[in-house]
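Visitor: The structure follows.
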Amino acid sequence: GESVGLHLPTLSVQEGDNSIINCAYSNSASDYFIWYKQESGKGPQFIIDIRSNMDKRQGQRVTVLLNKTVKHLSLQIAATQPGDSAVYFCAERGTSYGKLTFGQGTILTVHP
Amino acid sequence: DTAVSQTPKYLVTQMGNDKSIKCEQNLGHDTMYWYKQDSKKFLKIMFSYNNKELIINETVPNRFSPKSPDKAHLNLHINSLELGDSAVYFCASSPSSADTQYFGPGTRLTVL
């Protein structure tokens, strides 16, 4: 499959489980963070974002947590479904004209 | 209707050739971007334009030249293609440089 040889972090879960994907970011001055989902052969798709003045934000089945002290971001997906299988990227925005710096990505595989 | 579209979806060409990739967005956004995704899925910004003005120009060989004829279009021209240029190139747009970026479907470039 497409993931062979990529050596990205991987997370395998059963359908219906909750998933947690973690991300460490590098720039303590970053003010905005985004999670994207990328399915095979497609472009990154926006999931949820959070600004640096918040530590938690919830969407539909997804929650993003931000810990600025340790520069850590996580994405929680509730009741994971096979359609959630994809590569998930976190991205941080510094103060330079909207420049996004992406993390390395995590492969999520959901087994029926 | 596709919000951010790119053409072509696939591009296979010989080393040394010159090629262009086109991007169009019908979202009325002011800011557009080009990203490169390598074989390890790492996504890195190359250029950004805001209202046809270049605002981000990362360390990219000058064989790569973006052109924005109007704020709905951002094209990428690549001269003297090299093997290392093989990658997936994504266009993105956002209402402004401070807003969420939305990605196109990507152009897979293969240089032989």
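The values are calculated or read from the model by the stated rules, or taken from the named source; none is laboratory data. The structure displayed is predicted, hence computed values, not measured ones. Virtual Cβ from ideal backbone geometry, glycine too; neighbours counted across all protein chains shown. Each accessible area value is taken on the protein alone, full model and side chains, heavy atoms only, with ligands, DNA and RNA left out. Shrake-Rupley method; radii C 1.70, N 1.55, O 1.52, S 1.80 Å.
Visitor: I'm trying to understand the selection: among the residues of region B:75-89, which are away from every other protein chain (no Cβ under 14 Å), out of contact with any helix residue (DSSP H, G or I) (no Cβ under 7 Å at 6 or more places or on another chain) and under 20 Å from B:GLN6 (Cα atoms)?
Guide: Answer for region B:75-89, where residues must be away from every other protein chain (no Cβ under 14 Å), out of contact with any helix residue (DSSP H, G or I) (no Cβ under 7 Å at 6 or more places or on another chain) and under 20 Å from B:GLN6 (Cα atoms): B:ASN75, B:LEU76, B:HIS77, B:ASN79, B:LEU81, B:ASP85, B:SER86.
Visitor: Report, by residue number, each residue of region B:90-104 that is at the interface with chain A (Cβ under 7 Å from one of its Cβ atoms), polar (S, T, N, Q), touching a residue at least 24 places away in the same chain (Cβ under 8 Å) and open to solvent by 10 Å² or more (accessible area, probe 1.4 Å).
Guide: Residue satisfying the conditions is B:SER97 alone.
Visitor: Taking region A:27-47 as the search range and keeping residues that are within 11 Å of chain B (Cβ to nearest Cβ) and farther than 20 Å from B:LYS41 by Cα, which one is surrounded by the most Cβ atoms within 10 Å (Cβ to Cβ)?
Guide: By that ranking, first place goes to A:TYR32.
Visitor: Tell me whether region B:5-22 contains one or more residues that are in a strand (DSSP E or B), aromatic (Phe, Trp, Tyr), within 13 Å of chain A (Cβ to nearest Cβ) and open to solvent by 50 Å² or more (accessible area, probe 1.4 Å).
Guide: yes
Visitor: Right, here's the next one. Listed residues B:THR59, B:THR100; which is closer than 20 Å to A:GLN45 by Cβ and part of a loop (DSSP other than H, G, I, E, B)?
Guide: Testing whether each residue is closer than 20 Å to A:GLN45 by Cβ and part of a loop (DSSP other than H, G, I, E, B) leaves just B:THR100.
Visitor: What are the pairs with Cβ atoms under 8 angstrom where one residue, in region B:25-51, is within 11 Å of another protein chain (Cβ to nearest Cβ) and on the phi > 0 side of the Ramachandran plot and the other, located anywhere, is at pLDDT 95 or above and crowded, with 20+ Cβ neighbours inside 10 Å? Sequence gap at least six, or different chains.
Guide: What qualifies is B:LYS41/A:GLN38; B:LYS41/A:VAL87.
Visitor: Do any residues in region B:1-15 that are at pLDDT 95 or above have Cβ atoms under 8 Å from those of residues that are of a type in the set (Phe, Trp, Tyr) and surrounded by 13 or more Cβ atoms within 10 Å (Cβ to Cβ), where the two are at least six apart or on different chains, and which pairs are they?
Guide: B:VAL4/B:TYR102; B:VAL4/B:PHE103; B:GLN6/B:TYR89; B:GLN6/B:PHE90
Visitor: For region A:97-112, name all the residues that are in contact with a strand residue (DSSP E or B) (Cβ under 7 Å, 6 or more places away or on another chain) and either outside any strand (DSSP E or B) or open to solvent by 60 Å² or more (accessible area, probe 1.4 Å) (or both).
Guide: Correct list: A:TYR97, A:GLY98, A:LYS99, A:THR101, A:GLY103, A:GLY105, A:HIS111.
Visitor: Could you check how many residues of region A:54-70 are more than 14 Å from chain B (Cβ to nearest Cβ) and within 23 Å of B:ASP99 (Cβ to Cβ)?
Guide: Looking only at region A:54-70, we keep the residues that are more than 14 Å from chain B (Cβ to nearest Cβ), and these are A:54-56, A:58, A:60-63, A:65-70.
With the extra rule that they be within 23 Å of B:ASP99 (Cβ to Cβ), the set shrinks to A:54-56, A:58, A:60, A:62-63, A:65-66, A:68.
Residues meeting the conditions: 10.
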